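Just so you know, all these numbers are worked out from the coordinates, no wet-lab data involved. Just so it is clear, the structure is predicted and the values come from calculations on it, not from any experiment. Don't worry about glycine lacking a Cβ; one is built from the backbone with ideal geometry, like all the others, and counts go over all protein chains shown.
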């Protein structure tokens with residue numbers, strides 16, 4: 001009886017997270033914010049729901065935990081792949097985004113071209129402390 005109550009509570013928490021994730025996907029302005037809302041909320045929602053089913057039905061707990069671990073491992077990786085593909089294909093940030101960490105600062109291209117002409121000298125600290133024989 002208590003396992004069914006605890007399982008029901010966990011499934012309800014999962015349903016709330018899934019609802020908030022769906023609301024975030026609907027309300028957020030660009031693909032990157034939507035991915036963030038969808039990934040975090042749906043990961044937690046799915047894990048709580050699946051573990052709740054495992055607690056409510058003790059015979060399924062091993063399978064439920066296995067599926068929950070799979071979701072915990074694959075959801076963030078797939079969201080990263082989607083965000084990276086969006087970025088590489090040129091999907092723009094929302095115009096009111098404050099920081100674009102992938103954008104090069106002004107003048108970086110000129111500085112990079114000048115630095116490419118200068119020879120690079122490695123110190124012993126950069127090479128792991130080992131000095132090359134002359």
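Structural remarks
- Principal axes of the range 2-88: Cα extent on each, largest first, Å: 48, 24, 9
- 15 Å reach of a label modelled at residue 63, 7 Å along Cα-to-Cβ, counting backbone N of the range 26-57: 50-57
- Contour minus Cα-Cα distance for residue 85 and residue 15 (0.36 nm per residue): 22.3 nm
- Highest-first arrangement of 47-60, 77-90, 26-39, where packing means the average Cβ count within 10 Å: 47-60, 26-39, 77-90
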